[in-house]
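K.L.:
Starting off with a structure, shown below.
The values are calculated or read from the model by the stated rules, or taken from the named source; none is laboratory data. Values in this document were obtained by computation on a predicted structure and should not be read as measured data. Virtual Cβ from ideal backbone geometry, glycine too; neighbours counted across all protein chains shown. To get the accessible areas, we keep the full protein, side chains included, count just its heavy atoms, and leave off ligands, DNA and RNA. Shrake-Rupley method; radii C 1.70, N 1.55, O 1.52, S 1.80 Å.
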Amino acid sequence: MSEVQSVQWFPGHMAKTRRKITEDLKLVDIAAELLDARVPKSSANPVLRQIVRQKPRVVLLNKSDMADPAQTARWVDWYRAQGLLAVPVESKTGKGIPAFYSAVREALKEQIAAWESKGMVGRPIRVMVLGVPNVGKSSFINRLIKGGGAGKAEVQDRPGVTRQNRWFTVGKGFELLDTPGVLWPKFEDPIVGEHLAFTGAVRDEILDQEGLACRLLELLLELYPQAIQQRYKTEIPAGLPGYEILERIGRKRGMLISGGEVNTERAAITVLDEYRGGKLGRITLEQP
């Protein structure tokens, strides 16, 4: 999908955010990178990883309630093989939050032991929370706050809500530094940009939504054919082009305009919204 690869969408505030993150790393002990469990590979920002390479890091597979649990388990094993602790997290329900605290302590166990040997028992653990736009950082932090903390992060279902770094005290002895979502200036692999667009990490208004929905439908037909057939109550043969799938869905939903033609723009918006909202089931688009 060349639109995602070629469009000039790298705003100035993201460049400033990268500089700010680099400056603030000295204030924290560890980085917690939130990934979208549906697209772990594509939502892993190589720019952020380069910035935090000198810090301990844990990986949080957020939105795991919308991802295929079998694939999420495979990703956890894959990260463990890379020497990283990965924790599936559901920000809506709080599932995985205790494991997050445990993973951070495990990753910092030598540092914590060093603090205690110096009499710094109970020193707060400072965590920088990182991720691409719309990966759910604010929802994750708010879930931690509900468990005991102060403040509230702004949450909206669109990228680019958090625009400045903010501190939050959560749990027992944890301080979180929230950061704005950061994308990178060019996707070397167009599939990465495509998958980020599917999940809403790239703003819809700069993309061809019909083309995006068609590609998503083709991918779903390949990976989870039963999901779209059950959701849209229509038989879809293997290998059917995305535009024809979109037309079938629009016709089935009664999205017609004059002359009986299908309103494919409206159908595309519906498909993207329903995928992003988890209404097509628990789907993971990338395997380790």
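K.L.:
Cα-Cα over 29 Å: which of K16/K95; K41/K279; K26/K118; K20/K118; K63/K233? Don't skip to the end; give the middle numbers.
P.N.:
Details: K16/K95 33 Å; K41/K279 22 Å; K26/K118 20 Å; K20/K118 31 Å; K63/K233 26 Å.
From the list (K16/K95; K41/K279; K26/K118; K20/K118; K63/K233), the Cα-Cα distance tops 29 Å for K16/K95; K20/K118.
K.L.:
Counting Lys and Arg as +1 and Asp and Glu as -1, each charge on the Cβ, what is the dipole of the chain about the Cα centre in debye, to the nearest 20?
P.N.:
On the way: 42 positive and 34 negative charges, 260 e Å.
For the chain, the charge dipole is close to 1260 debye.
K.L.:
Still on this model: Compute a Gaussian network model of the chain, connecting alpha carbons closer than 10 Å, and tell me which residue from S42, S117, S64 fluctuates the most.
P.N.:
Evaluated over the chain, the most mobile residue of the options is S117.
K.L.:
Using only alpha-carbon positions, what ratio does the radius of gyration of segment 51-134 give when scaled by 2.2 N^0.38 Å? Before the final figure, lay out the partial values.
P.N.:
Working: Rg = 14.4 Å, N = 84, 2.2 N^0.38 = 11.8 Å.
That ratio works out to 1.22.
K.L.:
Report, to two decimal places, the Cα Rg of the chain normalised by 2.2 N^0.38 Å (N = number of residues). Could you put the intermediate results ahead of the total?
P.N.:
Details: Rg = 20.4 Å, N = 288, 2.2 N^0.38 = 18.9 Å.
Here the Cα radius of gyration is 1.08 times the empirical estimate.
K.L.:
Taking springs between alpha-carbon atoms closer than 10 angstrom, which of A113, A86, A201 fluctuates most in the Gaussian network model of the chain?
P.N.:
Of A113, A86, A201, the Gaussian network model singles out A113 as fluctuating most.
K.L.:
Which Rg and Dmax, in Å, describe the Cα atoms of segment 6-115?
P.N.:
Both quantities, over Cα of segment 6-115: 15.1, 49 Å.
K.L.:
Calculate what fraction, in whole %, of the accessible area of the chain sits on carbon and sulfur atoms when a 1.4 Å probe is rolled over the protein chains. Mind showing how you got there, number by number?
P.N.:
Working: 6580 of 13480 Å².
Carbon with sulfur: 49 percent of the solvent-accessible area.
K.L.:
I've got another one for you. On average, how much accessible surface per residue is there in the chain, in Å², for a 1.4 Å probe, leaving out ligands, DNA and RNA? Intermediate results must be reported in sequence, preceding the final value.
P.N.:
Details: 13480 Å² over 288 residues.
Each residue of the chain exposes 47 Å² on average to a 1.4 Å probe.
K.L.:
Do the sum for the chain: with -39,500 (n - 2.57) for every DSSP H run of n ≥ 4, divided by all residues, what is the mean residue ellipticity at 222 nm, to the nearest 500 deg cm²/dmol?
P.N.:
Numbers: 12 runs with 124 residues, N = 288.
Mean residue ellipticity at 222 nm (helix-derived): -13000 deg cm²/dmol.
K.L.:
Each label point is 7 Å from the Cα along the Cα-to-Cβ direction; what then is the distance between the points at K109 and R251, in nm?
P.N.:
6.1 nm
K.L.:
Using only Cα atoms, find the angle between the long axis of helix 264-276 and the longest principal axis of the chain, and express it within 0 to 90 degrees, rounded to the nearest 10.
P.N.:
30 degrees
K.L.:
So for the pair D24, R123, with labels modelled 7 Å out along Cα→Cβ, what separation do we get in nm?
P.N.:
2.1 nm
K.L.:
With springs connecting C-alpha atoms under 10 Å apart, model the chain as a Gaussian network and identify which of E222, E33, E116 has the largest mean-square fluctuation.
P.N.:
Most flexible of the set in this elastic network: E116.
K.L.:
Separate question: Quick one: give the max-minus-min coordinate of the C-alpha atoms of segment 193-288 along each principal axis, largest first, in Å.
P.N.:
45, 30, 22
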